[in-house]
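This report refers to the structure that appears directly beneath it.
Since every read-out is calculated from the coordinates, none of them should be taken as a lab result. Please read these numbers as outputs of a predicted model, since none were measured by experiment. Note that we place each Cβ from the backbone using ideal geometry, even for glycine, and neighbour counts take in every protein chain shown.
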Amino acid sequence: MAVQSLYRKWRSQTFAELVGQEHVVQTLRNAIAEDRVGHAYLFTGPRGVGKTTMARLLAKAVNCLHPDPAARPCGVCEMCTAIAEGRAVDVIEMDAASHTSVEDAREIIERVQFRPSVARMKVYIIDETHMLSTAAFNALLKTLEEPPDHALFILATTEVHKVPATILSRCQRFTFVRHSVTSMAAHLRRIAAAEGIALADGAPEAIARAATGSMRDALGILEQLASFVEGPITLHHVQSLLGMTAAAEVDALIAALLAADLTAALRAVNAVANQGADLRQFARDLVERLRAVMLLKATGDRALLDLGDDEVAQLAQWAQQAEMAALVQWVKLFSNLDYQLRTTPYGHLPLEVAVVEALLAPAPATQPVAPRPQPARPLPSAPVMAPRPQPVVPAEPARSIYMSFVTAGMLHPQPVVPTEPARPPVAEQPTPAAEPVEPAAPAPADPPPPPPAAWAAAQHARPPADPAAARAAAADLSLLEQLEATWEDFKRDVRPRSPTVQALLNSARPYDVEGNTIVLLVSSAFHKERLEEPKNRAIIEEVLRRRLGKAYAVRCTIEEKSVEPTDLRGKIREARKDELVRAALNIFDAHIVDIEPLEPE
């Protein structure tokens, strides 16, 4: 027989045993004591914070046999024991992830009319409520609004934004918060002592931080460590099992960043990589540490930090050294590394690049200057970007190996007309005194020198792109990138409405955005015909409207263009696919305004 997991074995059986969520516990206790229990509740919050446990406690409380309402649930009476063991026929738990159809909702509606067999009230606990289909939600509306007197509905979800507003308005909503590190560590110590597990100093806090506020995750980690370690569980064991890095390495990197010591910062990164630690976890620990420094710098309120006094003292010292702008930049920079570190084939290179980028000092801003008569040759197909909203042109335009930046004021530069060089004064020739001096005829003006090569080339160059058209293209392509990043979530939203359309979308992907039309690239003419059927297209457009907040039309195309794009929009789309270009757009808050062609040598 399988051993029962710790999170199931130590599930709270009474309100007094529940850790955290005091605001919910107090409200429900008062409602039970005053006999003012509602007919429908909605519990929302992240995973592992006690939503299902609270739903079972409420089911116990309304059916508990204890004579004192304030002492319910007692956890020892027949009804409390039956509900805890899952054999109470009048308490029905349903996983909405596997019962999404309208038929399941109709079955609930039919059965809820019958009075409970044994208990005082019939309780329906619907977990993962957001997975119900739209038809199932609509079928439950009337029953949720006016259920029978003997029925109680408890809905639980981690994604409340997917629950229709019509359902929300019919329920009393309670928001569950993440557990603090202190409360989780204390609870882990109690359970470890009862289970005979020895925890060394610092281990419970490390487990709690790794669980990110989820008590179920924390108990799962503790159970895994109990099987992994023989003897006391130390901080080193927790770090080894979870791929965590010691706080010393995180602190060393932060100290190097504050001291602007690039060598020390890169050494800290390589030390972590050489240990074989999880670089993604290291980046998360670094972001969490920088966030704490930022909060302390911004507010000075130590209550916002769930840390010990010794750690807060170190953070306060860093907060005095750091600049708020730098802290914000570092938090943004390192928080975007998770996906790169997971997918890159180059090991810890993204982390090294982020460290170098974090310590690069911005170039000083100066007044705009006129372009040089003979500028350097533009790089091949370099995207020209303009920062938003107020451009500033550096005195020496910086050019990287990949791209060049210009400002909005430089989109239409005025040509510098070469001026005629000044001639040296011509010495007057002496004349004999006997001969009369005749006035010299004016010398013919020399022809102006030929214009510089760069100016001559500029006369035949194409005019700069229209900034308005470039901004429109950039906005469309930003929406395209948003669709590409959330495409899997979009398909999951389509499934409750039509599994067939979701299956067809598995062979499609976002390809372009043309104003109010989204173009999908499909693999065959069959998929194109099916997706463009009016009923299927209406489903896709409705889900797009709900996700984007605006109506968009949808059309499909079969083959991607294989030729090099010639229009500005196509060139901008190709340029935005490059990781370096996208990084530049994010760092400088810029948009592409033109693509410079390759100039022949």
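Some observations on this one:
- Taking trypsin sites (Lys or Arg not before Pro) across the range 51-121, the ones in a DSSP loop with at most 14 further Cβ atoms lying within 10 angstrom of their Cβ are Arg87, Arg120.
- Rounded to the nearest 0.05, the FRET efficiency derived from the C-beta distance between Glu514 and Thr343 at R0 = 22 Å is 0.15.
- Under Stokes-Einstein, with the Kirkwood radius over Cα pairs as Rh, the value for the range 247-358 at 20 °C and 1.002 mPa s is 151 µm²/s.
- Assigned charges on the beta-carbon of Lys, Arg, Asp, Glu; the range 81-137 dipole about Cα centre (debye): 360 debye
- Footprinting exposure proxy ranking of His179, His39, fewest other C-beta atoms within 10 angstrom first, gives His39, His179.
- Within the straight-line cut-off of under 19 Å between alpha carbons, the lysines reachable from Lys9 are Lys51, Lys60, sequence neighbours fewer than 8 places apart in one chain being disregarded.
- As computed over the range 91-152, the Cα convex hull volume per residue (Å³): 72 Å³
- Exposure proxy shown here: for Phe153, Phe137, the number of other Cβ atoms within 10 Å sets the order, fewest to most, as Phe137, Phe153.
- Modelled FRET efficiency - R0 35 Å, Thr182 with Gln320, Cβ distances, 0.05 increments: 0.85
- Projecting label points 7 angstrom from Cα along Cα→Cβ for Cys77 and Val3 puts them 3.6 nm apart.
- 14 Å beta-carbon shell around Gly347, net charge (K/R +1, D/E -1): 0
- Counting charges near Asp578 (Lys, Arg +1; Asp, Glu -1) among other residues having Cβ under 14 Å from its Cβ returns a value of +2.
- The slack between Glu288 and Arg546, meaning 0.36 nm per residue of separation minus the straight C-alpha distance, is 89.6 nm.
- Residues Leu253, Leu544, arranged from fewest to most other Cβ atoms within 10 angstrom of their Cβ, appear as Leu544, Leu253.
- Share of Cα-Cα pairs in the range 181-242 lying beyond 14 Å, as whole percent: 45 percent
- The loop-placed GluC sites (Glu not before Pro) in the range 7-90, going by DSSP, that have at most 11 neighbouring Cβ atoms within 10 Å of their Cβ come out as Glu34, Glu85.
- Candidate lysines for bridging to Lys577, where Cα separation is under 22 Å - those fewer than 8 sequence places away on the same chain excluded: Lys332, Lys561
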